[in-house]
Structures are given as structure tokens and as C-alpha cells.
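Take a look at the structure below.
The values are calculated or read from the model by the stated rules, or taken from the named source; none is laboratory data. Keep in mind it's a predicted model, so treat the numbers as computed, not measured. No Cβ is skipped: glycine too gets one built from the backbone with ideal geometry, and neighbour counts run over all protein chains shown.
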């Protein structure tokens, strides 16, 4: 928000949420869970309130990703097939247990993944 010169109270009003909700989102040590509507609402509010905006704010511009490598990690070949959603979800859960500092961003609600 500081990058775009937006006050938390103004963002809260624009999004229709409490100032505490914006504060929790801003100060969180881990990536909070946001559904698609909330993420869309956040981007729309930031785009409306941002000063000197060169390009539209998108979810991609809000997320920084740094992969945590373990010493025993081996690069996977590009011919390996992608894991199923449930296996992938289990791998993410196990990774989270092994590394408490890892963040998990769920853009797709878990209910949708369970239906796949």
C-alpha cells in the first residue's frame, strides 16, 4: 500500500471491509487465504486509489515468490507428468509442515480442487 500511497482506512472503505481486516492483511507474516472475489476486490480498490499508477495492479503484481530449496532437492525433468490435484495438495501440506516459514497461496478454493 505504501508503494501506491494508499492509507489502510481508505482501502478498507473502498473494499467495504473493516480497517482491522486490511491491517491484518498488510501485517501478516504468512500469505492470507483470499478467495477470487476478495482478490479481485482488492485489486480493483488498489487501482482506484493508487496515485501515479503506470499500469494496472493485478494479483501477479502483489505476490513475490521465492522458492525454498532443500539440500536434497533434485531438479525434476520436464518429461515428468504433473501430479494429480490431491497428490499436489498433499505435497503442499507436507511441505508446509516441514517448513513453518513457507507460505501457501490458494487462489482456487479447496472445494473446487476436491471436485476435480
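Pairs linking a residue in the stretch 50-66 that is over 16 Å from residue 14 (Cβ atoms) to a residue that is surrounded by 10 or more Cβ atoms within 10 Å (Cβ to Cβ) and at pLDDT 80 or above, with Cβ atoms under 7 Å and 6 or more positions apart or on different chains, are 58/43; 59/39; 59/43. The condition (being outside any loop (DSSP other than H, G, I, E, B) and in contact with a helix residue (DSSP H, G or I) (Cβ under 8 Å, 6 or more places away or on another chain)) is satisfied by just one residue among 51, 42: 42.
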